[in-house]
Structures are given as structure tokens and as C-alpha cells.
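Here's the structure, in C-alpha cells; my notes come after.
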Amino acid sequence: MLVNILKKNGVNSEGVCFDKDARTALAFVTLKKDGEREFMFYRNPSADMLLKESELNMGLIKKAKIFHYGSISLITEPCRSAHIAAVKAAKEAGVLLSYDPNLRIPLWPSPEAAREGIKSIWNTADFIKVSDDEVEFITQGPADEKNCLSLWYEGLKLLIVTDGDKGCRYFTKSFKGTVKGFAVNTVDTTGAGDAFVGSLLCSLAKDPSLYENEGKLKETLTLANACGAICTTQKGAIPALPDTAAAQKLISGSK
């Protein structure tokens, strides 16, 4: 079913593996009144946890413009080793690396294990996107500028901190700033971060140097904020993902 959804949306699915013994993980999302959510997971184990290095499609990875990953695949073996091998192959091939920790504490043995796991590959990425909540969790302090900057390291090109409906903050070697969010009728925040990152990476794939131009970066992040905002206006993650035209319409209407 999921592969068919990918195909229907024009996503190349040739890198997808199937496991004959395990099924896809399930995530149960409980919505609060403000559209924020809580997660429960069923993995016993799930197919993604069993991904082996030998099953990686290295050809696809090496010819990518951007290799995007999270931290959930670092929780158990053999998936952890497959994840690290994939990142290494992408880096050696000159692919830009993008990291969204995507913190899901219930999946980790403990909060400390989550913190250590997330940090274990921190210094490999070219781009990192974290939420304000994740900054608080990783630094064990407020998501202020000082703590955000404590996540910076030599070699990082762009650090983005998302602040929910308030928008986002950006940090590069040369400049830093904020980009306002959009006021919308929020129903379900599931997938908003993915919509934001998807839009950002789409723009970066077209112009890998845009993080060096503050004007271009602000335009890119305005579009990403619009995509994230629209995604919260209906239930579900994939059905709520907007296209560029919808995002541009929201931007034009708010000027």
C-alpha cells in the first residue's frame, strides 16, 4: 500500500526492500485539542529494524543529490549498521547529508539513550533541522540562541530550528536570522516537520549553494514554513502534504 502511494505521488520506489518475515511498523497518533500529538508505536520487530547493509542500494545512494536521514534507524541492529554504512557511502560520493533527528522517545530504551544516539552521528551532516523541543531535549536547557549555537560544529553548512507556528530560525557560518510562520487553522500537526524539510530539500537540490545567500535562504524558508503550515490544516500526514502552488498561494495571501 505504501509503495503504491509513493508511486502515485511520482516517487521512485526502486530502493524499497520487502521483508518476508516482518511487517511495516505502526504508529498510533493521538491528537490533543490544539492539534499537537502523542505517538505510540508497534514494532515487534518491524521490517525497517531488520534492514541489513547488504540490502542497501548503494548505486541509488551514491547518485543522489541529497541523502536525508533521522535517528530512529540507530536504535537497534542490524539497521544501525546499515544506516551508518549508507551515510558513509553518501558522504564519500560527495552527496549532501541532511539530518532531522525526529525524536521519538518511546522507541528508545531511555531518554539518555535517545540523547546519546541522536548525538552519535551529529557531526556528519551538512544540514541539520531540529525543532525547538528537540533543542531543549538535546541541550537539556531552553531553546534559546546560546543553546542552538551550542549544536553548531565545524563543517556544518546550515542549522535550522523550527519554532512551530512562530516560524523558524536559521544559522550559517556567515549569518543568522528568523523567518515568520503563517497563521492557519491547525487541525493536526503530524507531518508538518516533514513538509517543511521536504520543501527545504527540494529547493536545496535545485540550488545547493542557496544557504550562502541570505535573501535566497529566507525565500526558501518562507516556502518551507508555508508547506509546514498547510500540512497542519487537515488530518493525516501524506494526504495533507501541499504542492508548491498551494504554498505560494498562502504566501501571496499573507502579504
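The values are calculated or read from the model by the stated rules, or taken from the named source; none is laboratory data. What you are looking at is a predicted structure, and each value in this text was computed from that prediction instead of being measured. Here Cβ is always computed from backbone atoms with ideal geometry, including for glycine, and neighbour counts include all displayed protein chains. These area figures cover heavy atoms from the full protein model, side chains too; ligands, DNA and RNA do not enter into them. Shrake-Rupley method; radii C 1.70, N 1.55, O 1.52, S 1.80 Å.
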Report task. Determine the shape class of the chain: with a ≥ b ≥ c the square roots of the Cα gyration tensor eigenvalues, call it rounded for a/c under 1.5, and otherwise prolate if a/b is greater than b/c, oblate otherwise. Result -> rounded
Query - FRET efficiency for Ser174 and Glu14, using Cβ-Cβ distance with R0 set to 45 Å, rounded to 0.05 - result: 0.70
Query raised in the report: Roughly how many Å is it from the Cα centre of segment 79-113 to that of segment 1-60, as a whole number?
Result: 15 Å
Query - Mean Cβ count within 10 Å, highest first, over the residues of peptides 62-75, 216-229, 173-186 - result: 216-229, 62-75, 173-186
Query raised in the report: For the chain, modelled as a Gaussian network with Cα springs under 10 Å, which listed residue fluctuates most, Lys32, Lys235, Lys157?
Result: Lys32
Query raised in the report: Given a 1.4 Å probe, how much area per residue of segment 112-255 is accessible, in Å²?
Result: 48 Å²
**Report entry** Computed over segment 93-151: relative contact order in percent, which uses C-alpha pairs under 8 Å that are six or more apart
**Finding:** 35 percent
Query - Cα shape, segment 132-255, gyration tensor, a/c 1.5 rule - result: oblate
Report summary line: Counting only protein heavy atoms with a 1.4 Å probe and every protein chain in place, the carbon and sulfur fraction of the accessible surface of segment 1-157 in whole percent equals 53 percent
Query - Contact order normalised by residue count of the chain, Cα under 8 Å, 6+ apart, percent - result: 13 percent
Requested in this report: Decide, for segment 63-143, between rounded, prolate and oblate: order the square roots of the alpha carbon gyration tensor eigenvalues as a ≥ b ≥ c, take rounded if a/c falls under 1.5, and otherwise choose prolate if a/b is larger than b/c, else oblate.
Outcome: oblate
